[in-house]
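After the structure tokens below, expect a handful of questions from me.
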Amino acid sequence: MTASPVTAPRPLSPSAVLAQDHRELVEAFESFIRRELVPLAAELPETADQVPADLRAYVRRRSAALGFYAGDQPEELGGSGMPFTAVVLLHHAAGRSGCPLAPYALAGSDGPSPLLRHGTPEQIERYLVPLVRGESARCLALTEPHAGSDAFRLTTTAVRTGGGWRIDGRKTFVSNADRADIVLVVTATDLGEGAGPTAGATAFVLPMDTPGLRIGQRYEGMSGEPLFELLLDGVLAPEEAVIGGEEGIGAAAALAMDSLSRGRLVVAAMCDGVAEYALRLGVEYAREREAFGSRIGAYQHVQEHLVTTRAEVEAAKLLTLACARLVDEGTEAPENAALAKLTSSETAVRAVDRALQVHGATGWVRGHPLEHLYRYVRMMTIIEGTSEVQKVIIAQAMGLS
């Protein structure tokens with residue numbers, strides 16, 4: 001009697017070793033995506049690049065009610081108090097799912113900002129708590145037309161008046177401005193009496209309907225996401241609008257450091273997920289598509305695309321998870337986040353490009369997931385600091401400048 005061959009279990013990916021701690025949480029989030037978000041996404045037009053604002057808001061509130069949306073925020077604020085590593089794993093899962101609604105189920109540029117964690121008790125209660133619960137949305141007005149990556153070279157000014165501050169200036173490339181309830185505005189501050197602008201910057205939190213604050217030009221991004229110009233013309237902000245109160249004057253750059261580092265790790269995690277999704281699409285297509293009498297996955301040039309991507313994705317995932325664990329242990333070194341964001345964003349661009357090459361014209365056609373990802377993923381090497389900015393941060397940490 002011949003024994004039946006035993007099929008060896010498929011080995012875990014190396015990065016899965018670091019992901020086991022929060023496996024149940026990730027599986028619950030993935031179940032939510034499959035159960036609720038995938039059916040909603042199926043109703044969107046096939047070639048739609050933008051998700052309607054009301055649908056985004058619904059996904060945000062529903063995810064917050066389930067404890068996923070801003071999970072790293074304290075429970076007393078409406079969050080789940082989960083470690084940052086868990087947040088990173090959820091963003092990875094969102095990107096890996098391929099569901100266009102999944103990213104909106106987790107706090108991003110519209111959600112709670114670490115800047116507001118430094119706010120006064122009144123600011124936390126009025127602004128941060130609704131953001132954590134998914135009940136409101138915000139935008140960040142930092143970038144200026146002639147500054148770009150040099151984000152704190154500010155020409156927008158805040159000057160003391162009798163009852164607060166007068167803000168004048170112009171911001172650009174502001175995400176979510178058309179659907180935000182509040183805006184965080186970073187300005188150069190002038191203390192009056194000939195003191196001139198301070199060396200630092202000050203952050204203000206303002207309702208979007210504040211007089212003198214208006215949306216200017218609208219820009220259409222490659223992936224369909226709009227960006228906006230924000231104009232501030234004689235905006236009168238009360239003293240209580242300064243994030244952090246009196247101690248926050250001139251301190252915005254320092255307060256923003258943890259925001260930038262954690263934001264870069266979140267972008268890295270999303271990129272890792274997108275790259276893994278693109279790899280899966282490429283492998284599935286290579287196994288099925290036939291050309292010249294064989295499945296194209298049997299050809300070495302196709303294998304080269306997919307195996308190289310597999311190696312790069314695993315390395316990027318391990319780096320991102322390791323950096324997230326360091327954050328949980330109390331180490332938020334900017335160069336760590338820069339390394340992860342640089343590696344993962346560049347890897348994602350290459351992964352999507354290779355997967356598209358494997359698909360050929362099929363993946364290039366409008367409406368195919370890779371066609372959209374090809375445009376979407378390109379912005380990941382720009383947002384939260386370009387790849388070149390990340391290299392500068394890393395070089396400085398190495399003592400090279």
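The values are calculated or read from the model by the stated rules, or taken from the named source; none is laboratory data. Since we're looking at a predicted model, the values are computed, not measured. Positions of Cβ are generated from backbone atoms using ideal geometry, with glycine treated the same way; all protein chains shown enter the neighbour counts. Just so you know, the surface numbers come from the protein's heavy atoms only, side chains and all, with ligands and any DNA or RNA stripped out. Shrake-Rupley method; radii C 1.70, N 1.55, O 1.52, S 1.80 Å.
Please list log₁₀ I(q)/I(0) at q = 0.06 Å⁻¹ for the chain, using the Debye equation with identical point scatterers on the alpha-carbon positions.
So the normalised log intensities are -0.26.
Only helical DSSP H runs with n ≥ 4 go in: add -39500 (n - 2.57) per run for the chain, normalise by residue count and round the 222 nm mean residue ellipticity to 500 deg cm²/dmol.
That calculation yields -13000 deg cm²/dmol at 222 nm.
If you average the alpha carbon positions of region 279-325 and of region 141-174, how far apart do those two centres end up, in angstrom?
Taking the Cα centre of each part, region 279-325 and region 141-174 sit 45 Å apart.
Figure the gain on full extension for residue 289 and residue 386 (residue separation times 0.36 nm, minus the Cα-Cα span) and round it to one decimal in nm.
Using 0.36 nm per residue and subtracting the Cα-Cα distance, I get 31.2 nm.
What accessible surface, in Å², does a 1.4 Å probe find on residue 146, ignoring ligands, DNA and RNA and rounding to the nearest 10?
Around 150 Å² of this residue is reachable by solvent.
GNM on the chain, C-alpha springs below 10 Å: top fluctuator among 333, 298, 64?
Of 333, 298, 64, the most mobile in the Gaussian network model is 298.
Using a 1.4 angstrom probe, figure out how much accessible area the chain has per residue, in square angstrom, rounded to the nearest whole.
48
Same structure, new question: Can you tell me which lysines have their Cα less than 23 Å from the Cα of residue 391? Leave out same-chain residues fewer than eight positions away.
317, 341
Rounded, prolate or oblate: pick one for region 333-379, where a ≥ b ≥ c are the square roots of the eigenvalues of its C-alpha gyration tensor, a/c under 1.5 means rounded, and failing that, prolate if a/b is larger than b/c, else oblate.
Prolate.
FRET efficiency for residue 225 and residue 168, Cβ-Cβ distance as r, R0 = 25 Å, nearest 0.05?
Computed FRET efficiency for residue 225 and residue 168: 0.35.
Return the FRET efficiency for the residue pair residue 54, residue 125: r is the Cβ-Cβ distance, R0 is 25 Å, and the value is rounded to the nearest 0.05.
0.40
How large, in percent, is the carbon and sulfur part of the accessible surface of the chain at a probe radius of 1.4 Å?
55
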